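Report on the structure given below.
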Amino acid sequence: MFYDLLKSRRSIRKFQDREVEKEKADTILKSALLAPSSRARRPWEFIAVTDRDLLKKLSGCREHGSQFLAGAPLGIVVIADFEVCDVWIEDASIASIIIQLSAQSLDLSSCWIQVRERFHSGGGKAEDYIKEVLKIPPKYRVECMVAIGYPAEEKRAYDDNELLYGKIHINKFGES
């Protein structure tokens, strides 16, 4: 059930030293291509990275919060052509969660690495660093990267009793 998939999906930052099978990576990427987008413009594109040296370079895109990518066997960089659609951020974000949920459904784990509006330890933008490393043309923006692999850490599923039910409003704000 989809609800159980959502409850079990947790951000995993430690991965086994085990490749993600090509069939699973292909399924994740095909799932991303099925992501909905505003007016079906599909401004997103995806760069699947399996090269260990590139993953290590990419892991240094931010001062904090990206280093674990070096230990992932697969990283997917989510980019978008901002000239195609004014809501490219939303479209790229939707595609990114589709990537994470697809990975989860295949018994893999993942973690989102925010790139847009984040900074490289050298003082520049994390996005510019990634664009240089991966030779991404100027017309694209980098939303995020998703680290994917077999988990080397366990986190318990979310419990229904821990949900923030006070954030649900019925008919009007403040009514539950």
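A few points about this structure:
- Within the stretch 1-27, being closer than 18 Å to LEU55 by Cα and of a type in the set (A, V, I, L, M) holds for ILE12, VAL20, ALA25.
- Scanning the stretch 93-105 for residues that are hydroxyl-bearing (Ser, Thr, Tyr), closer than 17 Å to GLU23 by Cα and surrounded by 21 or more Cβ atoms within 10 Å (Cβ to Cβ) turns up just one, SER102.
- Residue in the stretch 41-49 that is under 15 Å from the mean Cα position of the chain (by Cα) and of a type in the set (Val, Ile, Thr) present: yes
- ALA126 vs. criteria of a type in the set (A, V, I, L, M), over 18 Å from LEU74 (Cα atoms) and in contact (Cβ under 8 Å) with a residue 24 or more places away in the chain: yes
- Cross-chain or 6+ apart pairs with Cβ under 6 Å, the stretch 139-150 first and closer than 15 Å to SER102 by Cβ and of a type in the set (A, V, I, L, M), then assigned to a strand (DSSP E or B) and modelled with pLDDT of 95 or more: VAL146/ILE76; VAL146/SER110; VAL146/TRP112; ALA147/GLY75; ALA147/CYS111; ILE148/LEU74; ILE148/SER110
- Residue pairs meeting the criteria (Cβ under 6 Å; at least 6 apart or on separate chains; first in a helix (DSSP H, G or I), in the stretch 63-74; second at pLDDT 95 or above and surrounded by fewer than 17 Cβ atoms within 10 Å (Cβ to Cβ)): ALA70/LYS56
- Close pairs from the stretch 13-27: first under 9 Å from TYR150 (Cβ atoms) and in contact (Cβ under 8 Å) with a residue 12 or more places away in the chain, partner aliphatic (A, V, I, L, M) and part of a loop (DSSP other than H, G, I, E, B), Cβ under 6 Å, at least 6 apart: PHE15/ALA72; PHE15/ALA152; GLN16/ALA152
- Looking across ARG141, ARG116, ARG156, one residue alone is buried (at least 19 other Cβ atoms within 10 Å of the Cβ), more than 18 Å from PHE68 (Cβ to Cβ) and basic (Lys, Arg). It is ARG141.
- Unmet criterion (only one of (1) surrounded by fewer than 18 Cβ atoms within 10 Å (Cβ to Cβ); (2) within 17 Å of the chain's Cα centre (by Cα); (3) closer than 21 Å to HIS120 by Cα) for GLU90: (3)
- Among the residues of the stretch 4-43, the ones that are part of a helix (DSSP H, G or I) and under 17 Å from SER102 (Cα atoms) come to 17 in all.
- Across the stretch 85-135, the number of residues qualifying as of a type in the set (D, E, K, R) and either assigned to a loop (DSSP other than H, G, I, E, B) or more than 17 Å from CYS61 (Cβ to Cβ) (or both) comes to 8.
The values are calculated or read from the model by the stated rules, or taken from the named source; none is laboratory data. Owing to the predicted nature of the structure, the values given are computational and were not obtained by experimental measurement. Here Cβ is always computed from backbone atoms with ideal geometry, including for glycine, and neighbour counts include all displayed protein chains.
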